[in-house]
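Let me begin by presenting the structure, written as C-alpha cells, before commenting on it.
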Amino acid sequence: MKNVITNPFVTGGYAGPDYFCNRTDETKRLASAVSSRRNITLISLRRMGKTGLLKHFKQQIEHKRKSSVVVYADLLPTMNCNEMLNSVSTALFRVRQKERNFMEKMFGLMASLRPRLTVDPLTGEPAVELKVETASEIKAGLDNILRLISEIRQDILFMFDEFQQIAKYPEKNTEAILRSVIQAYPVIPFIFSGSSKHMLEKMFMSAGSPFYQSTELMYLDRISEKDYSEFIKNHFHNAGLDIDDDSLHRIFRWTRLHTYYVQYVCSILYEQGSLHTGEAEVNRIFHRIMTDFEPQYINYRNLIPAHQFRLLKAIAAEDGVDQPTAGDFISRHGLTSPSSVSASLKSLLEKEMVVRDQEMWQVYDVFFSRWLQYHYSEG
Ligand SMILES: Nc1ncnc2c1ncn2[C@@H]1O[C@H](COP(=O)(O)OP(=O)(O)OP(=O)(O)O)[C@@H](O)[C@H]1O
Ligand SMILES: [Mg+2]
C-alpha cells in the first residue's frame, strides 16, 4: 500500500522506516550526540544492524530537514588510503552532484590529485577516482573534502562505516592523518561505525593512539524480544497471516535474537505464506535454512584445519561455552589440550568464525552454528 516491497522482512540494505524495527533510543542517542557536535563510534557484532541504523538515522535527518547533508562512506571495500579517499569523495559527490557547478568546484580543488569521474558498473551511479601517492597528498585530499563539506551552510554529518578498515591499510600513519584533519573541522560531526570491537576500542580507548578519547562509544545491542515480536506480528497480520508467540520465542532462541538471522527466518516464513505459522512451519523453515546453506558449510569443513573444526563443533554442540580451555570441556569433546584449544580459538577468532558474545564463545555465523549442532551434537 505504501511501498512496492512484497516481503517486509528485508535482509539486505535499508528499505525505509516501515521495514525497520525500533531502534528509537539508539536513534535519539545519535541525534543528541550529533546536535551537540560530539563524535560517536557505533560498535556491534556483525549483522546486528549498524549500517541499518546509520541509514535509518540518515533518512530521518533528511526527512526532517530537506537541506541536510549526510555523507555516508563505506570503507569496507577499501584497501589503502587512495581507495579511502575515492570512497569519501564519491560519497560527497553523490550528495552534492545536483548543485550547480559542484563538480567544477570539487575537481578544481582536487586538481593536483588528478580526479576522474567514472561510473559504478553495477549501480550506474557516478564515482570519483583520485590518484594519491604520498602522505601529504592524502592529507591535502582529505582536507579539501572536509573544507568543501564545511562550506556547505546547512546541517551536515559525516558517517564512516567499517572504520576499523583503516587499521589494515599498508600506510602506517593513516589514523594520525585522519585525526589531525578531522580535528581541524570541529563543526562537522562524525559517526564512526564498525564490528571489530577489539580494533575500534584500541583506536579510541588506548592512550597514545591518535583517536584516543576523541569519540563517545556506543554499543549496539539486540532489539528486544518485545519490540521484535510486535514488529513481526504486525507485518504478518497486515498480510492476513498469523504467527503464535511460541513460534516467535523459538525463532528468537534459534537465531540468538541476532538481527540478520531473525530477518532471514521471518522473510522465508512470510514467503511461505501459511495462514497460521506454528511449530511445524517453524521446524520446516529451520531445516530448510540449514539445507540451503549446507554446501557452504561443507566447504568450510574442507577448508578449516581439523582441530579448529572440532572446536567449532564442540562450541556449537554446547550452544556456546564460557571457558573452552577448561578440562571437562576438552575431555568431553576430545580436544587434546588447553594449549591446542587456545591456538585454534585464536585462529578461528582471526577468521571471524567465533566470537565472544554475551559472556560466551559462540560460532559467529548463527546458521552455521545450528547446522553444526544439528549434525554433530553427538560429538
Ligand atoms: N532495526 C532493524 N529492523 C529490521 N531489519 C534490520 C534492522 N537493523 C538491521 N536490519 C537488517 O538486518 C541485516 C543486518 O543489518 P546491518 O547490515 O545493518 O548490520 P551491520 O551491523 O551493519 O553488519 P556488518 O557488521 O556485517 O556490516 C540487514 O539485512 C538489515 O536490513
Ligand atoms: Mg554494516
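Brief remarks follow.
- Each residue in the stretch 58-86 was checked for being within 16 Å of ligand 1 (Cβ to nearest atom), buried (at least 21 other Cβ atoms within 10 Å of the Cβ) and free of Cβ contacts under 8 Å to residues at least 60 places away in the same chain, and 0 pass.
- Among the residues making up the stretch 225-251, those that are part of a loop (DSSP other than H, G, I, E, B) and either exposed (fewer than 13 other Cβ atoms within 10 Å of the Cβ) or in contact with a helix residue (DSSP H, G or I) (Cβ under 8 Å, 6 or more places away or on another chain) (or both) are ALA239, GLY240, LEU241.
- Top-ranked residue of the stretch 159-179 - restricted to ones that are outside any helix (DSSP H, G or I) and within 22 Å of the chain's Cα centre (by Cα), ranked as farthest from MET48 (Cα to Cα): TYR169
- Residue within the stretch 216-238 that is at pLDDT 95 or above, out of contact with any strand residue (DSSP E or B) (no Cβ under 7 Å at 6 or more places or on another chain) and away from ligand 1 (no atom under 16 Å from the Cβ) present: yes
- Screening ASP221 on (1) under 22 Å from the mean Cα position of the chain (by Cα); (2) part of a helix (DSSP H, G or I); (3) among the charged types (D, E, K, R) shows it passes everything except condition (2).
- Scanning the stretch 317-327 for residues that are of a type in the set (D, E, K, R) and free of Cβ contacts under 8 Å to residues at least 40 places away in the same chain turns up GLU318, ASP322.
- Any hit, the stretch 34-42, residues being in contact with a strand residue (DSSP E or B) (Cβ under 7 Å, 6 or more places away or on another chain), within 15 Å of ligand 2 (Cβ to nearest atom), over 19 Å from SER267 (Cα atoms) and modelled with pLDDT of 95 or more: yes
- Every pair of residues 6+ apart whose Cβ atoms lie under 8 Å, when the first sits in the stretch 328-344 and is under 9 Å from LEU311 (Cβ atoms) while the second is among the small types (Gly, Ala, Ser) and in a loop (DSSP other than H, G, I, E, B): HIS333/GLY379
- Exclusive hit being buried (at least 18 other Cβ atoms within 10 Å of the Cβ), within 16 Å of ligand 1 (Cβ to nearest atom) and touching a residue at least 40 places away in the same chain (Cβ under 8 Å), set ILE166, ILE177: ILE166
- Qualifying residue in the stretch 63-85 (condition: hydrophobic (A, V, I, L, M, F, W, C), under 29 Å from LYS168 (Cα atoms), assigned to a helix (DSSP H, G or I) and within 16 Å of ligand 2 (Cβ to nearest atom)): no
- When residues of the stretch 345-375 are limited to those that are assigned to a loop (DSSP other than H, G, I, E, B) and not polar (S, T, N, Q), the one farthest from PRO305 (Cα to Cα): GLU359
- For the stretch 5-38, filtering for residues that are within 11 Å of ligand 1 (Cβ to nearest atom) and among the hydrophobic types (A, V, I, L, M, F, W, C) leaves 5.
- Among (1) away from ligand 2 (no atom under 14 Å from the Cβ); (2) closer than 30 Å to LEU241 by Cα; (3) assigned by TED's automatic domain parsing to the domain that holds PHE160; (4) part of a loop (DSSP other than H, G, I, E, B), the one test that GLN59 misses: (4)
The values are calculated or read from the model by the stated rules, or taken from the named source; none is laboratory data. Everything quoted here is computed from the prediction, not taken from an experiment. No Cβ is skipped: glycine too gets one built from the backbone with ideal geometry, and neighbour counts run over all protein chains shown.
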